[in-house]
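S.K.: Below you will find the structure I want to go over with you.
The values are calculated or read from the model by the stated rules, or taken from the named source; none is laboratory data. Everything quoted here is computed from the prediction, not taken from an experiment. Note: ideal-geometry Cβ built from the backbone for every residue, glycine included; neighbour counts use all protein chains shown. The protein model used for the area step is the full one, side chains on, heavy atoms only, and it has no ligands, DNA or RNA in it. Shrake-Rupley method; radii C 1.70, N 1.55, O 1.52, S 1.80 Å.
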Amino acid sequence: MKTRTKALLLALSAVLLVVSTVFATLAFLTSTSDVVTNTFTVGKVEIKLDEAPVDLYGEVVTGDRRIANEYKLLPGHTYTKDPIIHVKGGSEVCYLFIKVTNDIADIEEEGKTVESQIIDNGWTRIAPGIYGKATPIDARDVAEDEFVDVAVFETINIDDHAEVAAYAGKTITVQACAIQADGFSDMNDAWTNGFGSTFPTK
């Protein structure tokens, strides 16, 4: 009896020894991923506005584009005035707006007015003297030393019977602004909620 008991104890000890050895070699399965790093840059919207250099009669002359020209008013005369907005390459998609103050609108040739040209160039009249581009401009894939050009109008056309003397010293001014398109549903939303329906001052 003692012999059987002893044999049983030896057998159990052997089993426990094997089980202990197996558990001693077990380990949890683990894995570690690479580190994911997010680096942020800042988006930008950059524009400039200029026009061709001209003489007093609106004829284009040699030179760089500029931000001011002077004209000598003559009845029935057409002058080159071609303000262009240049959206810098790499700019975010943006809505464009312009503000035009035209002191000589009353003596422009009918059908060839500054406003009619602006409308013909795809601008939408938002308010008196304020226009916007309904389609946003995308310059993201354009090289940073290049631009996307957007025309405003091309000429000033004076009526044949205009009494020009009364308009000496009058001006036409054009100003442009841009706002990111992201976050706005359309041009009107950008104008109303982005600029508060007020043309920004520089």
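S.K.: Please report, in debye to the nearest 20, how large the charge dipole of the range 20-162 is about its Cα centre when each Lys and Arg carries +1 at its beta carbon and each Asp and Glu carries -1 there.
M.R.: The dipole magnitude comes to about 800 debye.
S.K.: Same structure, new question: Which of these, T37, T135, T62, has the largest mean-square fluctuation under a Gaussian network model of the chain (Cα springs below 10 Å)?
M.R.: T37
S.K.: Express the carbon and sulfur contribution to the solvent-accessible surface of the chain as a percent, rounded to the nearest whole number, probe 1.4 angstrom.
M.R.: That fraction is 54 percent.
S.K.: Using the heavy atoms of the protein chains alone and a 1.4 angstrom probe, what is the accessible area of the chain per residue in square angstrom? Please list the in-between numbers first.
M.R.: Working: 13450 Å² over 202 residues.
Per residue, the chain has an accessible area of 67 Å².
S.K.: For the chain, find the longest principal axis of its Cα atoms and tell me its angle to the long axis of helix 2-25, 0 to 90°, nearest 10.
M.R.: Helix 2-25 sits at roughly 20 degrees to that axis.
S.K.: Tell me whether the range 126-202 comes out rounded, prolate or oblate; compute the Cα gyration tensor, take square roots of the eigenvalues as a ≥ b ≥ c, and use a/c under 1.5 as the rounded threshold.
M.R.: Verdict is prolate for the range 126-202.
S.K.: Right, another one. At q = 0.14 Å⁻¹, what base-10 log of I(q)/I(0) does the Debye formula yield for the chain when every alpha carbon is treated as an equal point scatterer in vacuo?
M.R.: Summing over Cα pairs of the chain leads to -0.90.
S.K.: Could you work out which residue, out of S91, S33, S116, moves most in a Gaussian network model of the chain, that is, has the largest mean-square fluctuation with Cα springs under 10 Å?
M.R.: Fluctuation is largest for S33.
S.K.: Still on this structure, I have one more. Per Stokes-Einstein, at 20 °C and 1.002 mPa s, what whole-number D in µm² s⁻¹ belongs to the range 90-134, with the Kirkwood radius over Cα pairs as the hydrodynamic radius?
M.R.: Here the translational diffusion coefficient equals 184 µm²/s.
S.K.: Which Cα, out of T198, A151, A181, lies furthest along the positive dipole direction of the chain (beta carbon charges, K/R +1, D/E -1)?
M.R.: Looking along the dipole axis, the top candidate is A181.
S.K.: Count the lysine pairs in the chain whose Cα atoms sit under 23 Å apart, keeping only pairs 8 or more residues apart in sequence or on different chains.
M.R.: Lysine pairs meeting both conditions in the chain amount to 28.
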